[in-house]
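Heads up: the structure comes next, in structure tokens.
Readers should treat all values here as calculations from the given coordinates under stated rules, not as data from a laboratory. Here the structure is a predicted model, which is why all the values come from computation and not from measurement. Neighbour counts run over all protein chains shown; Cβ positions are idealised from the backbone, glycine included.
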Amino acid sequence: MTTELILLAWTLVLALVQVLLPAFFRNRETGIAYNAGPRDEAGPPVGVVTGRLRRAQANLFETLPVFAAGVLIAHLADREGTLTLWGAGLYFGARLVYVPLYAFGVPYLRSLAWLVSLGGVVMILFAVLSPA
């Protein structure tokens, strides 16, 4: 398995972690009884960190399909190389640091991490779309 596919797999693990983190924090806010029930009522307001973790998760899910498709197309078309390797590495690394930056409310660096991850996707797409 190529490094790009391994990084895609680890990004999917990160996505699962990002599904569980806000759920864990929300459970601490509402208690087990509320979450075990049907949640017909809205419940108490969402806490600051829980809200940030939810937004970080939504942000990941906006670019994850493009990243995954790019990696898979590069692999199937035998277009993997330096650009796809660096692109996948930048995407995964930036998405990994994005979560705590967002959770702790760090401005500017969080936006920089997002830009780096987007740059990684662009690198992959450039490798896929450039002439052979």
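Report summary: the helix-based calculation at 222 nm, which adds -39500 (n - 2.57) for every DSSP H run with n ≥ 4 and divides by the residues of the chain, gives -27500 deg cm²/dmol. Counting other Cβ atoms within 10 Å as a rough exposure proxy, the listed residues Leu85, Leu8 run Leu85, Leu8 from fewest neighbours to most.
Note on the chain: GNM, Cα springs under 10 Å; of Gly43, Gly89, Gly81, the largest mean-square fluctuation is that of Gly43.
With a cut-off of 13 Å between beta carbons, the residues surrounding Ala88 carry a summed charge of 0, where Lys and Arg count +1 and Asp and Glu -1. The Val106 and Val17 beta-carbon pair, evaluated with R₀ = 22 Å, returns a calculated FRET efficiency of approximately 0.75. Hey, what angle do you get for helix 3-30 against the long axis of the chain, alpha-carbon based, 0 to 90 degrees rounded to 10? Helix 3-30 sits roughly 10 degrees off the main axis of the chain. Cβ-to-Cβ counts within 10 Å put Glu62, Glu29 in ascending order as Glu62, Glu29, the fewest first.
The H on the amide N of Val106, modeled in the peptide plane, is under 5 Å from the matching H of no residue at least 5 residues off or on a different chain. Relative to the Cα centre, the charge distribution of the chain, modelled as +1 at Lys and Arg Cβ and -1 at Asp and Glu Cβ, gives a dipole magnitude of about 360 debye.
Looking at [x] 19.2, 68; [y] 15.2, 45; [z] 17.3, 58, which value of Rg and Dmax of the Cα atoms in Å comes from a calculation on the structure shown? Only one option fits the structure, namely [z]. When the chain is fully extended, how far beyond the present Cα-Cα distance does Ile73 get from Ala42, taking 0.36 nm per residue of separation? Here the answer is 7.0 nm. In order along segment 36-44, phi translates into HN-Hα couplings of 6, x, x, 6, 5, 8, 5, x, x Hz, rounded to whole numbers, per the Karplus curve 6.51 cos²θ - 1.76 cosθ + 1.60 with θ = phi - 60° and x for Gly and Pro.
You can think of it this way: the chain between Leu118 and Ile6 has 38.5 nm of extra reach, that is 0.36 nm per residue less the Cα-Cα gap. Legend: ranking of residues Phe104, Phe67 from fewest to most surrounding C-beta atoms inside 10 Å; resulting order Phe104, Phe67.
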